[in-house]
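The values are calculated or read from the model by the stated rules, or taken from the named source; none is laboratory data. Keep in mind that what you see is a predicted model, and the values were worked out from it rather than measured. Please note: Cβ atoms are built from the backbone with ideal geometry, for glycine as well, and neighbour counts cover all protein chains shown. Remember, those area values only see protein heavy atoms, side chains included, never the ligands or the DNA or RNA. Shrake-Rupley method; radii C 1.70, N 1.55, O 1.52, S 1.80 Å.
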Amino acid sequence: MTLINENYLKLQGSYLFAEIARRVKIFKEENPTAEVISLGIGDVTQPLAPVVIDALHKAVEDMASAETFRGYGPEQGYDFLREAIVNTIYKARNTDIAADEIFVSDGAKSDCGNIQEIFGSDNVIAITDPVYPVYLDTNVMAGRTGEYIADKGIFENVVYMPCTAQNNFLPQKPTQHVDMIYICCPNNPTGTTMTKDQLAQWVKYAKENNAVLLYDAAYSYFITEDDVPRTIYEIEGARDVAIEFRSFSKTAGFTGMRCGYTVVPKTVMGYTKSGEKQALNPLWNRRHTTKFNGTAYIVQRAAEAVLSAEGQKQIQATIDYYMNNAKIIRQGLSDAGIEYFGGVNAPYIWLKAPNGMKSWEFFDLLLTKAHIVGTPGAGFGPSGEGYFRLTAFGDTANTLKAVERIKTNLNF
Ligand SMILES: *Cc1c(COP(=O)(O)O)cnc(C)c1O
């Protein structure tokens with residue numbers, strides 16, 4: 001009899017996007033002439049930067065002759081890319097990260113999901129609520145949680161840190177001991193961030209509690225305010241307690257190219273059962289080199305081009321384009337009398353459904369009155385109830401049109 005990993009049976013179905021699709025389909029069948037605009041897109045829409053396209057062509061040529069052909073590369077990524085990451089991302093922010101602390105991968109989703117493998121199965125995890133589901137689900141799969149409690153919408157043995165308007169979307173320190181703390185900043189889905197001082201509090205907390213911060217910085221390039229760190233390592237002491245995940249996906253339109261990286265400083269420690277310190281860097285190196293065979297050479301050349309001076313300029317233009325959409329959405333919501341958060345340091349706008357409406361009630365209202373699709377906040381965790389996510393990844397003409405419809409058809 002082949003036993004299965006029964007932890008998988010605890011997972012909740014990916015109800016959110018399936019349910020959105022179902023409701024949109026019904027609406028379209030009943031209203032065949034309605035032009036539905038999606039402000040729910042969680043994917044980029046603009047093409048790759050010209051320098052990236054050039055680098056791809058050149059790398060393809062490398063593959064066409066025996067002298068320059070590349071087969072398996074280093075699992076951790078080519079030196080040219082790891083060095084470019086050190087220089088453009090870390091040295092530029094005066095942070096002290098070395099190339100052998102960087103592990104290039106096929107994206108941050110894999111890394112955020114796989115990182116838990118190097119930690120003990122008895123560790124307690126803390127997640128924000130609402131949350132990017134990968135952190136939680138991968139720990140459910142690994143058996144690090146209890147059962148799902150349906151009426152509360154939470155798993156046993158997980159510390160949820162509610163982030164709502166009441167606490168300015170700042171996770172509060174857990175009252176019980178936790179070992180692994182997932183923080184996504186700027187946050188998906190709320191679009192909110194933490195200041196240097198607020199993040200420093202978490203670094204301090206992790207130090208005092210021998211915990212590790214798992215810091216997802218996938219949206220760091222969308223930060224516009226000075227007081228928000230671009231990397232956790234801008235915080236003093238973070239090198240001792242934090243692992244950082246980054247991605248070219250939202251930064252440079254690489255969602256279909258697949259390239260990200262994880263920083264595991266050699267100074268971040270875990271403990272054996274008997275209390276001996278163990279650096280996490282060699283453990284992650286072992287895991288990565290055993291289970292992963294490197295990101296495609298041409299993609300790494302493309303990522304290197306993103307990090308060039310010209311590449312940085314070109315991707316910034318696209319990020320500015322998205323952030324202008326965010327501004328249009330924010331202005332429109334203000335005009336319609338709808339309270340919102342985020343959209344300043346992130347491509348996400350997290351609005352409060354007016355008049356105490358629930359997330360799905362607002363979804364239906366927005367769809368039927370304005371023919372706009374967004375994402376119900378309740379789908380990201382129980383504390384997302386009553387909130388709603390709009391994204392700035394659409395094109396500007398549609399965003400403008402959508403906002404006009406909100407202003408005309410929804411007024412509070
Ligand atoms: C999009 C996203 C990522 C990046 O995923 P990739 O696998 O690099 O495409 C990571 N974390 C969050 C919170 C995201 O929204």
Accessible area in the full protein assembly, largest first, 1.4 Å probe, for Tyr321, Tyr348: Tyr321, Tyr348
Surface accessible to a 1.4 Å probe, Trp360 within the full protein complex, Å²: 40
Accessible area of His57 in the full protein assembly, 1.4 Å probe (Å², nearest 10): 120
Fraction of antiparallel bridges per DSSP, region 69-223 only, in percent to nearest 5: 15
Met180, Met357, Met1, ranked by accessible area, largest first (probe 1.4 Å): Met1, Met357, Met180
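With only Lys, Arg, Asp and Glu charged, each at its Cβ (+1 for the first two, -1 for the last two), find how big the charge dipole of region 46-104 is about the Cα centre; round to the nearest 20 debye.
Working: 5 positive and 10 negative charges, 45 e Å.
My answer is approximately 220 debye.
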Selection from Pro282, Val124, Pro376 lying farthest towards where the dipole of the chain points positive, charges on Cβ: Pro376
Dipole of the chain, positive direction: furthest Cα of Pro174, Leu400, Ser110, with charges on the beta-carbon: Leu400
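Can you give the helix-only mean residue ellipticity at 222 nm for the chain, where every DSSP H stretch with n ≥ 4 adds -39500 (n - 2.57) and the sum goes over all residues, rounded to the nearest 500 deg cm²/dmol?
Details: 12 runs with 144 residues, N = 412.
For the chain, the value works out to -11000 deg cm²/dmol.
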Taking only Cα atoms of region 53-308, radius of gyration then Dmax in Å: 18.5, 62
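So how do Asp106, Asp129 rank on accessible area, 1.4 Å probe, biggest first, that is with the largest at the start?
Values: Asp106 55, Asp129 5 Å².
In descending accessible area the options line up as Asp106, Asp129.
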Fraction of accessible area attributable to carbon and sulfur, the chain (%, probe 1.4 Å): 51
Dipole of the chain, positive end: most advanced residue of Asn5, Leu214, Gly343 [Cβ charges, Cα centre]: Gly343
Heavy-atom accessible area per residue - the chain, 1.4 Å, Å²: 44
Mean-position separation - Cα centroids, region 93-150 and region 375-412, in angstrom: 28
Members of Lys250/Lys358; Lys10/Lys369; Lys10/Lys291; Lys109/Lys369; Lys58/Lys313 lying beyond 27 Å, as alpha-carbon distances in this model show: Lys250/Lys358; Lys10/Lys369; Lys109/Lys369
